[in-house]
Amino acid sequence: MARPLRALAWRDRSLPSTVSAIMDPRASDPAAAVLRAATLADVPAVTALAVAENVEEFGAPDFEADDVLHAWRAPGFDLARDAAVAVDAEGGVLGAAWLQIAGDLTGEVLAAPGLRGGGLPAELLGRIEARAAARGARALRLWSSAGAAWRLALLARAGYAVVRSFRRMELVLDGPPPPPAWPAGIVPALFDPGRDLPAAHAAFEEAFAGHFGFSPMPLEAWRREMAGVARFDPSLWLLARDGAEIAGLAIAYDQDDLGWVRVLAVRPAWRGRGLGRALLQACFGRFVARGRARVGLGVDADNAHGAVRLYEAAGMRATRTYLCHERAPRARA
């Protein structure tokens with residue numbers, strides 16, 4: 001499962017027995033696979049599918065049950081129609097697929113290791129494509145890591161084109177970073193959830209308008225995506241104020257030994273003055289103070305505002321590449 005804009009750390013580093021079973025391609029017989037609507041009872045098994053793929057590709061888990069629950073409980077998400085699982089004769093989950101309906105419409109497809117080269121992933125993909133078409137979507141996007149050969153092949157056979165590349169970048173925090181050099185007139189401020197959420201949302205919307213994959217999001221939907229997650233910590237939301245205006249902001253999460261910068265945003269009128277670098281250094285400082293060993297973020301490799309250069313200048317290096325695949329969804333005959 002690809003997660004280009006956030007890397008979510010597994011809270012228990014020991015793998016559940018379910019994952020070990022899924023990683024054994026002999027554990028299930030695909031011949032009797034049946035597709036059915038997903039239920040919340042499937043969340044542990046679906047999570048285990050994703051974790052198994054993480055371990056196989058990256059050597060460590062990068063997903064958790066909260067990610068599935070967050071998607072499946074989103075306002076407007078219809079679990080009976082927007083998600084499906086493939087099960088064997090004993091009810092074991094062999095694969096899963098669902099739509100992500102927050103922001104631009106994206107899809108997720110998972111399959112047990114021994115079944116990725118067969119017809120099951122294509123059947124799951126077809127299920128969510130039909131659902132996307134029924135929702136009136138003009139395009140459906142799916143993500144893959146650059147090394148996920150089975151998913152790259154699946155999407156190529158289905159007629160998807162790679163439309164964008166994102167990078168995961170990281171920095172080892174081996175000492176205190178340089179203090180932020182705030183531009184003249186800019187004052188860093190703590191985030192007050194009861195007061196600042198609407199202004200932070202407005203600043204985010206303005207800063208990211210025109211970026212790849214951006215879809216305007218109402219305040220309440222944005223609050224759910226950014227502040228309605230288990231890792232929400234208002235002390236890791238950093239505001240840069242210019243008088244009464246929020247000129248920029250950073251939103252970060254604390255994940256075991258990794259600090260994750262989910263958002264680094266500077267409004268157009270304040271760009272080119274070093275504000276993005278100052279916000280980034282402030283995030284580094286927060287995570288060093290918490291004893292974190294690394295900090296990471298996701299970035300559009302073709303960002304038009306020099307984001308990749310900014311992060312490289314701060315010492316960050318690309319550790320993974322993710323690809324965005326897109327095609328118009330097709331209804332089933």
Point to revise | Potential extension, Arg36-Ser215 segment - 0.36 nm per residue separation minus Cα distance | key: 61.4 nm
Practice item. Divide by every residue of the chain the summed helix terms, -39500 (n - 2.57) for each DSSP H run of at least 4, and state the resulting mean residue ellipticity at 222 nm, rounded to the nearest 500 deg cm²/dmol. Key: -9500 deg cm²/dmol
Revision key, fill the gap. For Phe232, Phe191, Phe208, ascending order of other Cβ atoms within 10 Å (fewest first) is Phe232, Phe208, Phe191
Practice item. May I ask you to list, by number, the DSSP H helices of the chain whose Cα span along the axis is at least 18 Å and whose average Kyte-Doolittle hydropathy reaches -0.5 or more? Key: 43-58, 120-134, 193-208, 275-289
Check your understanding: For the chain, modelled as a Gaussian network with Cα springs under 10 Å, which listed residue fluctuates most, Trp182, Trp143, Trp72?
Key -> Trp182
Check your understanding: Could you give the distance between the Cα centres of the stretch 276-327 and the stretch 33-77, to the whole Å?
Key -> 26 Å
Review point. With labels modelled as points extended 7 Å from the Cα through the Cβ direction, what inter-label distance (nm, one decimal) is found for Ala80 paired with Val172?
Key: 5.4 nm
Revision key, fill the gap. Taking the dipole of the chain about the Cα centre (Lys, Arg +1; Asp, Glu -1; charges at Cβ), the one of Leu249, Pro268, Phe77 that reaches farthest to the positive side is Pro268
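Every number here is computed from the coordinates shown, using simple stated rules; none is lab data. Note that the coordinates shown come from a computational prediction; the quantities given were computed from them, not determined experimentally. Note that each Cβ is placed from the backbone with ideal geometry, even for glycine, and that neighbours are counted across all protein chains shown.
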